[in-house]
Ligand code: SF4
């Protein structure tokens with residue numbers, strides 16, 4: 001038998017039936033739910049008088065709509081009635097169907113892609129789905145994880161399976177160690193800049209090579225998180241000792257005899273040396289510098305020493321007009337140095353960069369300094385209640401507050417501005433989130449995607465600067 | 001699920017690539033717990049000049065005269081023509097819901113983002129992939145001066161239009177049959193209950209830690 005990729009192995013071990021028409025039924029080990037993409041699925045389930053197939057496979061949390069101030073006041077204190085209703089609806093659905101849920105204010109609650117790994121709900125070798133495209137994050141554990149739509153949420157609830165067809169295999173090999181002060185976020189932004197936002201369409205991307213192996217689990221999550229911004233539903237990293245150590249002792253991790261058996265099985269969650277990939281991409285990790293996005297999709301990105309591009313120099317007419325449109329929206333001039341972009345707000349958070357290491361990285365830059373007067377607001381939003389507690393134990397909240405940052409309660413927050421946290425029209429924001437689409441962080445808002453350290457430095461300087469000079 | 005067999009109708013050309021789901025239906029409308037009510041907010045940021053919020057009277061808002069769907073010549077269009085990577089971004093199924101409710105039955109593009117593509121089928125919206133060249137030709141035909149009608153036929157997997165335009169498209173067999181017959185996918189999968197149970201039994205011996213309560 002020819003060698004198999006990690007994706008092939010995960011697919012094979014979850015195949016329930018392969019149908020004649022090419023589609024297949026695959027089994028889902030973990031289903032994560034949140035308030036935005038589940039209400040219509042629960043409604044469908046109830047209307048058809050169906051029950052969840054395997055309750056223990058499901059775990060729900062509230063994240064997209066929750067306010068990031070005063071969460072302890074409870075759901076009834078949410079001002080926006082539509083946000084409140086959506087959260088109450090999830091609470092009711094979980095109560096009536098008996099689904100385990102971390103409700104608002106529970107310290108275990110937080111962004112769905114932060115809490116899965118934190119709880120050990122995400123394990124190597126699992127299939128993990130959620131009605132959210134950044135489910136790709138969980139692939140950092142050697143799990144087959146991807147986003148699904150609401151109809152599929154209902155399908156998974158009812159059958160514990162998904163109708164799927166196999167994706168193609170792509171490997172992105174990051175050579176060499178990353179340079180000093182260059183992070184996982186810079187790596188994934190640079191990769192998307194290289195392959196484009198549709199570069200991985202139809203593929204499961206395995207991230208490999210020294211540049212990936214040397215990353216912590218949190219860094220790997222940051223990379224896999226944004227596989228979707230490279231067009232791929234699935235990002236993957238092979239299991240190694242770091243993976244196993246990260247999982248050990250988590251509330252839902254295997255215990256006792258199970259632990260031994262599990263780790264033995266997980267050792268096989270790597271691509272065979274002779275496995276065949278449909279596409280191979282090589283990224284030279286040593287050449288990457290801290291990245292800043294200048295446009296309205298994540299491939300519109302460049303290094304901190306770079307410039308905003310000149311559309312006149314692009315001879316592809318569709319790309320040229322896309323650049324022109326983006327510069328108009330972003331209020332930027334062709335050839336403008338990235339370092340000349342001034343910021344109105346700074347947001348450190350989101351499922352890409354709100355874990356404890358991210359906060360430590362940012363705090364290290366901020367320590368003893370002050371947010372620039374020209375910056376209206378700089379906020380830090382931890383990814384979960386537990387991340388928040390940990391950061392407070394380490395005194396990071398004090399570092400941030402003393403520098404003039406707001407220290408908030410956990411949630412998606414200004415990553416997509418479904419709650420009260422948002423940009424005003426025309427405002428520039430250094431954001432550690434994953435999407436810089438028009439209006440993503442508030443109507444007319446202008447998002448620049450960066451790493452936590454770069455966002456922190458930008459808050460202090462009031463404009464983008466090369467954080468490597470600050471470390 | 002809603003059936004799709006054949007659609008003949010006006011084409012609305014939206015000449016943009018990388019149209020993301022935030023553009024198709026902005027996040028403030030995702031707070032709804034229903035499946036309906038999204039059509040009026042399709043492409044909200046482009047379609048209206050003033051910012052929109054759920055619950056407002058959208059009919060009273062100012063329309064952006066430069067936005068293609070606001071051109072009366074394209075009123076009643078049922079086929080949306082777009083560029084590369086349409087539907088990129090989030091997994092929100094509200095995107096196909098909004099497109100369908102607006103009145104479109106099919107979307108034609110050189111490529112689609114995976115999750116959007118998948119979600120469309122679940123709702124009876126047909127995403128049709130044609131080549132760049134064919135899409136270019138259609139953009140040439142479907143102008144405001146001369147709106148055109150084309151047909152998208154799922155049975156024959158053909159798109160046909162004026163000036164002898166004709167192109168065939170691929171679609172996988174399962175999705176095709178589900179759309180043609182409007183099948184309930186959950187019902188279909190539940191017919192395989194025995195296979196699912198058998199898988200669980202086998203898997204629970206291989207990887208028991210996955211099945212602990
Ligand atoms: S943090 Fe942002 S990208 Fe992540 S799940 Fe929340 S809204 Fe989506």
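Observations on the model:
- Pairs of Cα atoms farther than 16 Å apart, region A:34-82, %: 55 percent
- Each label was represented as a point 7 Å from its Cα along the Cα-to-Cβ direction; for residue B:206 and residue B:170 these points are 2.9 nm apart.
- Projected label distance in nm at residue A:325 and residue A:268, using a 7 Å step from Cα toward the beta-carbon: 4.8 nm
- Whole-Å distance, taken between Cα centres, linking region A:44-93 and region A:275-352: 36 Å
- The calculated Kirkwood hydrodynamic radius for region A:5-64 is 13.9 Å, given to one decimal from all distinct C-alpha pairs.
- The alpha-carbon atoms of region B:6-182, seen along their principal axes, cover 44, 38, 25 angstrom, with the largest extent given first.
- Projected-area average for the protein assembly as shown over all orientations - Cα convex hull basis, square nanometres: 28.1 nm²
- Linear extension gain, residue A:284 paired with residue A:316, 0.36 nm per residue minus alpha-carbon span: 8.9 nm
- FRET efficiency estimate (nearest 0.05) - Cβ-Cβ, residue B:149 to residue A:73, R0 56 angstrom: 0.50
- Part-to-part distance (alpha-carbon centres) for region B:175-203 and region A:100-144, which is given in Å: 26 Å
- Paramagnetic label reach from residue A:56 (point 7 Å along Cα→Cβ; backbone nitrogen cut-off under 19 Å): within region B:170-199, residues B:196-199.
- For region A:68-164, the fraction of alpha-carbon pairs in successive 10 Å shells from zero, as %: 14, 40, 35, 10, 0
- Mean separation of Cα contacts under 8 Å, 6 or more apart, over the residue count of chain A: relative contact order %: 17 percent
- Computed FRET value (nearest 0.05) for residue B:73 with residue A:165, which takes r as the C-beta separation and R₀ as 41 Å: 0.60
- In nm, spacing of pseudo-spin labels at residue A:406 and residue A:21 (7 Å Cα→C-beta vector): 5.0 nm
- Note on residue B:136 and residue A:370: with the Förster distance fixed at 35 Å, the Cβ-Cβ geometry gives a FRET efficiency of about 0.05.
- Take the Cα radius of gyration of region A:267-320 and divide it by 2.2 N^0.38 Å, N being the number of residues; the result is 1.72.
- A Stokes-Einstein calculation at 37 °C with viscosity 0.692 mPa s, built on the Kirkwood radius of region A:111-177 over Cα pairs, returns a diffusion coefficient of 250 µm²/s.
- Cα centroid separation, region A:426-448 to region B:21-51 (Å): 18 Å
All of the numbers you see were taken from the coordinates with simple rules; none came from a lab. Fair warning: this is a prediction, and the values are worked out from it, not measured in the lab. Neighbour counts run over all protein chains shown; Cβ positions are idealised from the backbone, glycine included.
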